[in-house]
Structures are given as C-alpha cells and as structure tokens.
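Below you'll find the structure, written out as structure tokens, and then a few comments.
FYI, it's all coordinate maths here, none of it is from the lab. Keep in mind that this is a model prediction, so the values were computed, not measured.
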Amino acid sequence: MIFTYPKPCVCCGKKAPKKTERWVKGRDGDEYRGNLQIINRRYNGEELTLWDGESYKHRYEHFCTLSCCERYANYIVDRTIKRNIKSFNKK
C-alpha cells in the first residue's frame, strides 16, 4: 500500500520510509534522464536511488515489520477474547 505522507505503523508508530527505486547505469554509459528525484548516488554515479517526491510505503502494508503485524494481531485477539468472556458472563 502506497501512502502520500509518511504514515505511522499501526503498531509501533514508526513512519513509513520513502518508496524508492534503484537505477544502475547500463553498459552504454547513458546518464539518468528521468523525472524522479535523485536522493542518493553510489559508485561515482553508477547507481542512483530515485524517489518521486511524494510516495511512502511500509514493507507490510500498514506495518513496518512482521513482528509488528504479529504483535498487533495478538493484541486484537486478546482484546476480542476478553470482550467475549465479559459478555458471556453477563448472560
């Protein structure tokens, strides 16, 4: 899922990183001529990190790591079980 702002992770609050692309200079030696922003140069400009200036993306949709996914899922399940036990005891 791509966001237009650095959306925080649902579990830990870590902001989504920029959605970047990697460009590597080919054998023909052409320079990069696209419209993306160059945010990093490596190996004397042989490898570029590019960004469109507005896209952000977590690795796992709304979560930054799999451990955040697991932690949040366990939290929801625990909360649901507690709610169901309370409603069952009221009957």
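Where does the chain land at 222 nm, in deg cm²/dmol rounded to the nearest 500, when only DSSP H runs of n ≥ 4 count, each adding -39500 (n - 2.57), divided by all residues? Could the numbers behind the result be given before it?
Details: 1 runs with 25 residues, N = 91.
Value at 222 nm, helices only: -9500 deg cm²/dmol.
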In whole Hz and in residue order, list the ³J(HN,Hα) couplings for the range 9-14 that follow from phi through the Karplus curve 6.51 cos²θ - 1.76 cosθ + 1.60, θ = phi - 60°; x for Gly and Pro. 4, 4, 8, 9, x, 5
Name the long-range amide H neighbours of Lys7: under 5 Å, sequence gap of 5 or more, or other chain; modelled H, no Pro or chain starts. Ala16
With θ set to phi - 60°, apply the Karplus curve 6.51 cos²θ - 1.76 cosθ + 1.60 along the range 72-85 and write out the HN-Hα couplings as whole Hz, x wherever there is a Gly or Pro. 5, 4, 5, 4, 5, 5, 4, 5, 5, 4, 4, 5, 5, 5
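Grab the Cα-Cα distance for Ile2 and Lys14, subtract it from 0.36 nm times how many residues apart they are, and report the gain in nm with one decimal.
On the way: separation 12, 0.36 × 12 = 4.32 nm, distance 1.53 nm.
Between Ile2 and Lys14, full extension yields 2.8 nm more.
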If amide H atoms are modeled at 1.01 Å from N in the peptide plane, then the residues at a separation of 5 or more from Leu36, or on another chain, having amide H under 5 Å from its own are none
Step through the residues of the range 16-24 one at a time and calculate ³J(HN,Hα) from phi using the Karplus curve (6.51 cos²θ - 1.76 cosθ + 1.60, θ = phi - 60°), rounding each to whole Hz and writing x for Gly and Pro. 5, x, 4, 7, 10, 10, 10, 10, 10
Amide H neighbours of Ser55 under 5 Å, at least 5 residues apart or on other chains, H built in the peptide plane: list them. Lys19
May I ask for log10 I(q)/I(0) of the chain at q = 0.15 Å⁻¹, from a Debye sum over the Cα atoms as equal point scatterers with solvent left out? -0.72
